Amino acid sequence: MKKRILFFIETGGPGGAEQVVLQLLEGFRNLGHEVFLSSLRTGWLTKSAQERGFEYYQLNSDKGLDLKLPFKIASLIKKLKVDVIHTHLLDSNFYGAIASKVAGIQHVGTEHGDVHHINKKKFVKLKLVIISICGSKLTAVSDFSAKKLISLGVKSRQVRVIPNPVKEPNESGRLEARATLDVIKDWVWVHVGNLRPVKDQATLIRGFAHCLTLTDKNQKLLLVGDGDERKNLDSLVHELGISDKVIFIGHSNQVDYYLSAGDGFLMSSISESMPMALLEGISYGLYPICSSVGGIPEILPTEQLFASGDFKKLGELCADVVNSQEQAKINAKKFSEQILIERSLKSVCEQYLEAYA
């Protein structure tokens, strides 16, 4: 039975949760369902959705706890005659739960990891209690986040893990990208993420610099993303004397282009749930080395992990990889094929349809 589904998220992106929403919009449309998008803020997500022909509705909200917002969402639900509202991120899940109760429809909320930062959120436990009372179903993108929800008082029977979807890569422009970036002879490490403290790119840069002292293999590091830490990171690169080895790409709507140019993927976050950037890097056959945080150990073996902040271990792991490049590429390809099967967009959408039922 075809459904009419409203996706609601408070943010506009770019970010991992927003990428998931955009993919789910496409996935459900491909399966013949009618989908709509609503948010409180505009940005990369809303622009991308509208460019792809999805109906978008912006809602206004007062700052802080907005008790009028659930009724605005409920009004939109009735206007669009949707069967299900699927929300993303804690506050959206909270407001969506109340709205679904008012409108009398099914609600599924997805937790992407913001419950791991409850010091930045108000009334977290109260919001989760209300979500539970409303009878909403909660999904989490990793076991790590599911356990956090349960520890905060959500009943285990209301929580289900549904993985982030991974789209098929477009690697057709690899040679062109490598030539344009002048990295044809290099092993290219790629990092994708907003440049902010929680991503801890300083450790990543220090680890890369350490790797350069351990091997004579040609290497480059591409940093795709922007943020408040850009100036500090640029200064660190100059301080370490590796300006000729690090390329700051800045914000890009063509992340695929840079992933296609890469050989390995690095991530040094202090906190993650299940990062979309990592999954996309893996899908492109990049060999991943990441900090052992959040849900990352659920998909990566210990020999590809390092303790958060341990730049020396990161450098050692990188050196081991570039010194055995052929084997690393074989292993990365196998891992990519596995991820693409387990987390295909169609498979993830079908799991959500079960949750909607």
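Observations on the model:
- Amide proton proximity set for SER268, modelled H, under 5 Å, gap of 5+: SER291
- Among CYS134, CYS318, CYS290, the residue with the largest mean-square fluctuation in a Gaussian network model of the chain, with springs joining Cα atoms closer than 10 Å, is CYS134.
- Computing Cα extents along the principal axes in Å for the structure here picks out one of [x] 64, 40, 34; [y] 65, 44, 39; [z] 68, 47, 36, namely [x].
- Separation of the stretch 212-268 and the stretch 293-353, taken as the distance between their Cα centroids, equals 19 angstrom.
- Listed pairs LYS220/LYS312; LYS122/LYS346; LYS79/LYS101 exceeding 24 Å between Cα atoms: LYS122/LYS346
- With 0.36 nm allotted per residue and the present C-alpha distance subtracted, the GLN327-LYS185 stretch has 49.3 nm of extension available.
- Table column - 3J(HN,Hα) (Hz), the stretch 351-356, Karplus curve with 6.51, -1.76, 1.60, x for Gly and Pro: 5, 5, 4, 5, 5, 5
- Approximate spin-label separation SER252-SER172, in nm, with each point projected 7 Å along Cα-to-Cβ: 1.8 nm
- Within a Gaussian network of the chain (alpha carbon springs, distance under 10 Å), most fluctuating of LYS122, LYS220, LYS147: LYS122
- Residues whose amide H comes within less than 5 Å of that of LEU286, counting only those at least five positions distant or on another chain, are absent (H built at 1.01 Å from N in the peptide plane).
- Here the simple spin-label model places points 7 Å from the Cα toward Cβ, and for ARG52 and GLU342 these points are separated by 2.4 nm.
- Estimated vicinal HN-Hα couplings, Hz - the stretch 276-285 in sequence order (Karplus 6.51, -1.76, 1.60; Gly, Pro = x): 5, 4, 5, 4, 5, x, 4, 4, 7, x
- Residues TYR95, TYR287, TYR356 arranged by fewest to most Cβ contacts within 10 Å: TYR356, TYR287, TYR95
- Backbone N within the stretch 88-131 under 12 Å of label point (7 Å from LYS78 Cα along the Cβ vector): 102-104
- Compactness relative to 2.2 N^0.38 Å, alpha carbon Rg of the stretch 1-91: 1.03
- If you wrap the stretch 4-162 in the convex hull of its Cα atoms and look at it from every side, the mean projected area works out to 8.4 nm².
- At an R0 of 35 angstrom, the distance between the Cβ atoms of LYS68 and SER292 translates into a FRET efficiency of 0.25.
- FRET efficiency for the SER243 to LYS334 pair, using the beta carbon distance and R₀ = 41 Å, is estimated at 0.70.
- Applied to the stretch 174-181, the Karplus parametrisation 6.51 cos²θ - 1.76 cosθ + 1.60 on θ = phi - 60° returns per-residue 3J(HN,Hα) values of 4, 5, 5, 5, 5, 5, 4, 7 Hz, with x for Gly and Pro.
- Amide H partners (placed H, <5 Å) of GLN106, local residues excluded: ILE85
- The chain: most fluctuating residue of GLU337, GLU326, GLU34 per GNM, C-alpha cutoff 10 Å: GLU326
- Listed by Cβ neighbour count within 10 Å, with the fewest neighbours leading, HIS33, HIS251 appear as HIS251, HIS33.
Every number here is computed from the coordinates shown, using simple stated rules; none is lab data. Note that the coordinates shown come from a computational prediction; the quantities given were computed from them, not determined experimentally. Glycine also receives a Cβ, built like all others from the backbone with ideal geometry; neighbour counts cover every protein chain displayed.
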